[in-house]
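J.: Take a look at the following structure, please.
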Amino acid sequence: MKILVTGSSGHLGEALMRVLTATGRDAVGLDLLPGPFTTVVGDIAERAVVRDAVAGTDAVLHAATLHKPHVGSHSRREFIDTNVTGTLNLLEEAVAAGVDRFIFTSTTSAFGRALTPGDREPAAWITEDVVPIPRNVYGVTKTSAEGLCELVHRDDGLPVLILRTSRFFPEPDDRDEVRRAYPDANLKVNELLYRRVDIEDAVDAHLLALERAPTIGFDRYIISATTPFSPRDAAALQSEAPAVVAAKYPHYEELYAQRGWSMFPRIERVYDNAHARAGLGWAPRWDFAYALERLAAGEEPRSDLAVQVGAKGYHAETTGVYTSR
């Protein structure tokens, strides 16, 4: 099987290319920017570039996108060109080339305003059944691209699976108050409880989706670390998250105290990955419990793959907390 990976110079695209090539798979990397795993440099918004890249491939892993960090630096038209037109180009050229499976990397950011409950409401429990309410042009264009994926599947029969991934980037949080309150590693381990996935687990989900797409046909999946919480924890998470965590992991407080870390006082949303675990046979390893285990052993609470990929940068010049290329 020959696989086209778009966004191969980015975080997830590079991670996918690293794993595919290390396991002897025939993979071609396409990106607007050059990189060590990019074999074709070109813009997915240009139909001819996409047509040439798709030719002779059997599968597409479409991870290329403009991200949330680009909202302040790129126009809405640029978001549409890359995230919508680029996705349509790939879908239609995949159909024309006889590609038999297409995996689209979307985002939990697509849920947008559905993620924020009222002050007296329980934490939002987010499954694939929650209707997205996009907050910005990033969310709008990703949900629009999801709609195109479903349309092409229904009209042309192309098997398409949509993976809504939660946070896996290594850059610091873009909120000043959060960076001041929590060391970066503390923040990211906390997020494994409800809104983060290690890039190794994200890659595993994409490769499982690649295997199962022809059988499944079409579906959407939330790709996030397995939460220890259940819906019955939702009310307490909004008011006393540290107590909820301590009830499940009594030893976490000592590990955190040793590092000067702290838990968030409240957690307002939880991503539930049960559908992905059941539908894809996905078994993510890098969750909060495993992070605690590694911290106790003096080890890095993230995968070797995450360390190897590292920070990629989003802009030609450093913008806020985001690194430059």
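J.: When V130 is evaluated against the numbered criteria (1) over 27 Å from L207 (Cα atoms); (2) of a type in the set (A, V, I, L, M); (3) surrounded by fewer than 22 Cβ atoms within 10 Å (Cβ to Cβ), which criterion, by number, is the only one it fails?
T.: Of the numbered conditions (1) over 27 Å from L207 (Cα atoms); (2) of a type in the set (A, V, I, L, M); (3) surrounded by fewer than 22 Cβ atoms within 10 Å (Cβ to Cβ), the odd one out for V130 is (1).
J.: Now for a different question. Restricting to the stretch 1-37, what's the tally of residues that are more than 17 Å from A55 (Cβ to Cβ) and of a type in the set (V, I, T)?
T.: 3
J.: Right, another one. Which residue, of T57, T23, T65, T38, is of a type in the set (S, T, Y) and surrounded by fewer than 16 Cβ atoms within 10 Å (Cβ to Cβ)?
T.: Within the list T57, T23, T65, T38, the selection yields T23.
J.: Report those helices (runs of 4 or more DSSP H) wholly inside the stretch 1-86 carrying at least 1 residues which are over 25 Å from S109 (Cβ atoms).
T.: 11-22, 47-54
J.: Okay, moving on. Among the residues of the stretch 79-109, what is the count of those that are of a type outside the set (K, R), at pLDDT 95 or above and more than 19 Å from the chain's Cα centre (by Cα)?
T.: So the answer is 14.
J.: Output the number of the condition that A48 fails; it satisfies all remaining conditions of (1) modelled with pLDDT under 95; (2) more than 22 Å from the chain's Cα centre (by Cα).
T.: Only one criterion in (1) modelled with pLDDT under 95; (2) more than 22 Å from the chain's Cα centre (by Cα) is unmet by A48, namely (1).
J.: A follow-up question, please. Considering the stretch 51-73 alone, what residues qualify as being of a type in the set (S, T, N, Q) and either at pLDDT 75 or above or in contact with a Cys (Cβ under 8 Å, 6 or more places away or on another chain) (or both)?
T.: T57, T65
J.: Quick check on the stretch 202-219. Is at least one of its residues hydroxyl-bearing (S, T, Y) and within 29 Å of Q308 (Cα to Cα)?
T.: Within the stretch 202-219, not a single residue is hydroxyl-bearing (S, T, Y) and within 29 Å of Q308 (Cα to Cα).
J.: Now for a separate question. Surrounded by 14 or more Cβ atoms within 10 Å (Cβ to Cβ), assigned to a loop (DSSP other than H, G, I, E, B) and among the hydroxyl-bearing types (S, T, Y) - does that describe any residue in the stretch 211-224?
T.: yes
J.: Only residues that are surrounded by 20 or more Cβ atoms within 10 Å (Cβ to Cβ) and either not in a helix (DSSP H, G or I) or not aliphatic (A, V, I, L, M) (or both): list them for the stretch 238-255, please.
T.: Once the filter is applied, which keeps residues that are surrounded by 20 or more Cβ atoms within 10 Å (Cβ to Cβ) and either not in a helix (DSSP H, G or I) or not aliphatic (A, V, I, L, M) (or both), the stretch 238-255 yields Q238, Y252.
J.: Still on this structure, I have one more. Output yes when any residue across the stretch 263-281 is of a type in the set (A, V, I, L, M), surrounded by 19 or more Cβ atoms within 10 Å (Cβ to Cβ) and out of contact with any strand residue (DSSP E or B) (no Cβ under 8 Å at 6 or more places or on another chain), and no when none is.
T.: yes
J.: Here's something else I'd like to know. Within the stretch 113-135, how many residues turn out to be outside any strand (DSSP E or B) and within 29 Å of F79 (Cα to Cα)?
T.: The qualifying residues number 13.
J.: How many residues does the stretch 225-237 contain that are surrounded by 22 or more Cβ atoms within 10 Å (Cβ to Cβ) and either in a helix (DSSP H, G or I) or at positive phi (or both)?
T.: 1
J.: Part of a loop (DSSP other than H, G, I, E, B), buried (at least 20 other Cβ atoms within 10 Å of the Cβ) and among the hydroxyl-bearing types (S, T, Y), is that true of Y138?
T.: no
J.: Please name all residue pairs, on different chains or six or more residues apart, with Cβ atoms under 7 Å, provided the first residue is in the stretch 162-175 and is surrounded by fewer than 21 Cβ atoms within 10 Å (Cβ to Cβ) and in a loop (DSSP other than H, G, I, E, B) and the second residue is modelled with pLDDT under 85 and β-branched (V, I, T).
T.: E171/V321; E171/T323; P172/V321; D174/V321
J.: I'd like to verify a number: residues in the stretch 286-309 that are part of a loop (DSSP other than H, G, I, E, B), out of contact with any helix residue (DSSP H, G or I) (no Cβ under 8 Å at 6 or more places or on another chain) and among the acidic types (D, E), how many?
T.: 2
The values are calculated or read from the model by the stated rules, or taken from the named source; none is laboratory data. As the structure is a prediction and not an experimental result, all values here were calculated from the model. Here the Cβ is made from the backbone with ideal geometry for all residues, glycine too, and neighbour counts use every protein chain on show.
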